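Engineer: Questions regarding the structure given below will be posed in turn.
Nothing in this text is a laboratory measurement; each read-out follows from the coordinates by a stated rule. Just so it is clear, the model here is predicted, and its values are computed rather than measured. Because the Cβ atoms are built from the backbone with ideal geometry, glycine has one as well, and the counts that use them run over all protein chains shown.
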Amino acid sequence: MRIRFNLAGLKQIKWNEYLTRFLLGGAITVITGLIAKHFGPVVGGLFLAFPAIFPSGATLIEKHEREKKRRAGIPRTMRGRLAAALDARGAALGTLALAAFGALIWQLLPLYNAAVIFTGALALWLALAILMWRIRKLAC
Amino acid sequence: MELVERFLLGGLIVSAFAVVGEVVRPKSFAGLFGAAPSVALATLTLTLFTEGKHYAALEARSMIAGAFAFLGYTLACVYFMGRRHLRAAPTTVALLAVWGILALGFWSLFLR
């Protein structure tokens, strides 16, 4: 199965759903900064991997799937919850890539150029995420 | 002013990752973007400018523990939504406590 882009997915999202994510993202970034300022970088750093956006994403997936089924004439379905669970399974793989992202920055940031390290860490996150997704696909 | 910058940068980066997550297919791959390093990227970038490289590196070290707590959280979500068929909104919010407990546990075991 190939990874592809489907721009039609953007039409499913309403402007208030974009706004919610923007506000949540901004809020958690501010809160993380305040926690780090108050409790120090060791405690503050934990919140760099806080699942702030995940609940809203999973809720939207369930809602969109339920609406799709309702339009197709199926009033009650588990499909939305299963789609949200599938999203969580994908995110579980993403967390391992997230740990690798953190490890690379922790080890190399003090030694090298920050822009290079951040770009490299992002590339590592994406590469590992794709690799783990492909391995899981092969195993299933 | 710094808080406003944090808010705007965090909101923008998180929204950008969310948009990419909406357009990539298949859905099982799009799920990976639920654990994208969006908040980390925004926070570490700002920390770098305000506190320096070593402070940001310390935050990144703790982030590894946070990521494993996130893994426990997502596995709990898979179980309760996929097997127990509970609704996404209350389940994903209530289970944030699992993240908190695991993060606290990892912090006291490995980071304190």
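Engineer: Over all pairs of distinct alpha carbons, what does the Kirkwood formula give as the hydrodynamic radius of the protein assembly as shown, in Å?
Structural biologist: 18.1
Engineer: Rg/Rh for chain A: what does it come to with C-alpha atoms and Rh from Kirkwood?
Structural biologist: In chain A, Rg relative to Rh is 1.03.
Engineer: Considering the Cα trace of the stretch A:1-75, what is its radius of gyration and what is Dmax, both in angstroms?
Structural biologist: Looking at the stretch A:1-75, its Cα Rg and Dmax stand at 17.2, 54 Å.
Engineer: Now, a different point. Based on DSSP H runs of at least 4 residues, each adding -39500 (n - 2.57), what is the mean residue ellipticity at 222 nm of the protein assembly as shown after dividing by all its residues, to the nearest 500 deg cm²/dmol?
Structural biologist: After summing the helix terms and dividing by residue count, I get -25000 deg cm²/dmol.
Engineer: Additional query: Show which lysines lie in cross-link reach of residue A:68 when reach means a straight Cα distance below 20 angstrom and same-chain residues fewer than eight apart are skipped.
Structural biologist: A:11, A:14, B:27
Engineer: Could you calculate the contour length gain from residue B:96 to residue B:49, that is, 0.36 nm times the residue separation minus the distance between their Cα atoms, to one decimal place in nm?
Structural biologist: Gain in length upon complete extension: 13.9 nm.
Engineer: With angles folded into 0 to 90 degrees, how steeply does helix A:79-108 sit against the dominant principal axis of chain A? Use alpha carbons for both and round to 10.
Structural biologist: 10
Engineer: Where nothing but the Cβ of Lys and Arg (+1) and of Asp and Glu (-1) is charged, how large is the charge dipole of chain B around its Cα centre, in debye to the nearest 20?
Structural biologist: In total the dipole reaches around 520 debye.
Engineer: Find the relative contact order for chain A and round it to a whole percent, using C-alpha pairs within less than 8 Å whose residues are 6+ positions apart.
Structural biologist: 15
Engineer: Tell me which lysines have Cα within less than 26 Å of residue B:53's Cα, excluding those fewer than 8 residues away on the same chain?
Structural biologist: Of all the lysines, those that pass the test against residue B:53 - Cα under 26 Å, at least 8 places apart if same chain - are A:37.
Engineer: If we count other beta carbons within 10 Å of each Cβ, what is the order of A:106, A:15, B:99, fewest first?
Structural biologist: Fewest-to-most ranking of A:106, A:15, B:99: A:15, A:106, B:99.
Engineer: Non-local amide H neighbours of residue B:86 (under 5 Å, H modeled in plane, Pro and chain starts lacking H): which ones?
Structural biologist: Answer set, sorted by chain and number: B:81.
Engineer: In whole angstrom, and with the biggest value first, how far do the Cα coordinates of chain B range along each principal axis?
Structural biologist: Projected onto the principal axes, the Cα atoms of chain B cover 46, 38, 23 Å.
Engineer: Return one quarter of the surface area of the convex hull spanned by the alpha-carbon atoms of the stretch B:1-51, equal to its mean projected area, in nm².
Structural biologist: Value for the stretch B:1-51: 3.4 nm².
Engineer: Counting trypsin sites (Lys or Arg not before Pro) as exposed when in a DSSP loop with at most 14 other beta carbons within 10 Å, what is the longest stretch of chain A free of them?
Structural biologist: It works out to A:77-140.
Engineer: Using only alpha carbons, build the gyration tensor for the stretch B:61-112 and give me the equivalent ellipsoid semi-axes, biggest first, whole Å.
Structural biologist: Rounded to whole Å, the semi-axes are 24, 9, 7.
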